[in-house]
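Read the structure below first, then the notes.
The values are calculated or read from the model by the stated rules, or taken from the named source; none is laboratory data. Computed from a prediction, not measured in an experiment: that's the story for all the values here. Here the Cβ positions follow ideal geometry from the backbone for every residue, glycine too, while neighbour counts run over all protein chains shown. The area values use the complete protein model at the heavy-atom level, side chains included, leaving out ligands, DNA and RNA. Shrake-Rupley method; radii C 1.70, N 1.55, O 1.52, S 1.80 Å.
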Amino acid sequence: MALTNRSKVVSNKEMTFMESLYLPAIFSGMMITIKHLFRKPATIKYPEQIRPFSGIYRGQHVLKRDENGAERCTACGLCAVACPAEAITMTAAERVKGEEGLYREEKYAAVYEINMLRCIFCGDCEEACPKEAIFLTDRKVDSFYTRKEFIFGKDILVESSNNPIDLSKRETEQVKEFKHHKEFAHNQTYADKAKAIKH
Ligand code: SF4
Ligand code: SF4
């Protein structure tokens, strides 16, 4: 079955004298090249020139902290299950006494890694997270020379307490509206839930 009408039957016929000179073919090739000199280029001079990104561009992930600076991720593994590229791996650990300020819940990710070479930036991890812990941001992933460097651990993914990552640019009006509905809130700690049940 022909997918396009551009296919040509290969012929083994003898070349004519003009064809054996190759000049007409070279000239026609040069004409194509010259024609492109006067056309608007399809490419830009990156990084000197940067095209505007979409408001909902999905770039490098961040693992968020809560309002008290504790890591939100509770190592439930839902993001890893949802990831179609199997890019996320983690090791869970139990919070010990005295670590309440570091980790929001009793369980946390001692190791959390994303393989950026596997990631297709689909955003499914963000959608799956019940703790509003992982988000994709408008930051670009850096380039590296070795594959190992593309495995981002917590040292890169967890936001700094002093310099939180602003996600408001990626939030659409619909998301902002949704967050006003307390009845849909899914970002609760066990303590919050226990309090709600008591009332
Ligand atoms: S953005 Fe998609 S591919 Fe990348 S880690 Fe998240 S779920 Fe996996
Ligand atoms: S980022 Fe969210 S979904 Fe992934 S393990 Fe942490 S809490 Fe669970």
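I'd like to check something: does region 29-46 contain any residue that is open to solvent by 100 Å² or more (accessible area, probe 1.4 Å) and in contact (Cβ under 8 Å) with a residue 40 or more places away in the chain? So far as region 29-46 goes, no, none of its residues is open to solvent by 100 Å² or more (accessible area, probe 1.4 Å) and in contact (Cβ under 8 Å) with a residue 40 or more places away in the chain. Of the residues making up region 66-86, those that are closer than 20 Å to residue 153 by Cβ and away from ligand 2 (no atom under 12 Å from the Cβ) are 69, 70, 85, 86. Within region 122-140, residues that are free of Cβ contacts under 8 Å to residues at least 60 places away in the same chain and among the small types (Gly, Ala, Ser) sit with their Cβ atoms under 7 Å from residues that are open to solvent by less than 40 Å² (accessible area, probe 1.4 Å) and within 13 Å of ligand 1 (Cβ to nearest atom), at 6+ positions apart or across chains, in these pairs: 128/79; 128/82.
Among residues of region 78-91 that are more than 10 Å from ligand 1 (Cβ to nearest atom), those with a Cβ under 6 angstrom from a residue that is part of a loop (DSSP other than H, G, I, E, B), sequence gap 6+ or separate chain, pair up as 90/75. Out of 151, 165, 197, one residue alone is surrounded by 12 or more Cβ atoms within 10 Å (Cβ to Cβ), at pLDDT below 95 and hydrophobic (A, V, I, L, M, F, W, C). It is 165. Contact annotation: residue pairs with Cβ atoms under 8 Å, 6 or more positions apart or on different chains, pairing a residue in region 51-73 that is small (Gly, Ala, Ser) with a partner that is assigned to a loop (DSSP other than H, G, I, E, B) and surrounded by 20 or more Cβ atoms within 10 Å (Cβ to Cβ), are 70/104. Among the residues of region 64-94, those identified as open to solvent by less than 60 Å² (accessible area, probe 1.4 Å), in a loop (DSSP other than H, G, I, E, B) and more than 18 Å from residue 132 (Cβ to Cβ) are 85, 87. Scanning region 95-114 for residues that are within 16 Å of ligand 1 (Cβ to nearest atom) and open to solvent by less than 40 Å² (accessible area, probe 1.4 Å) gives 109, 112, 114. For region 123-179, a residue qualifies if it is among the acidic types (Asp, Glu) and in contact with a strand residue (DSSP E or B) (Cβ under 9 Å, 6 or more places away or on another chain), and the qualifying residues are 126, 159.
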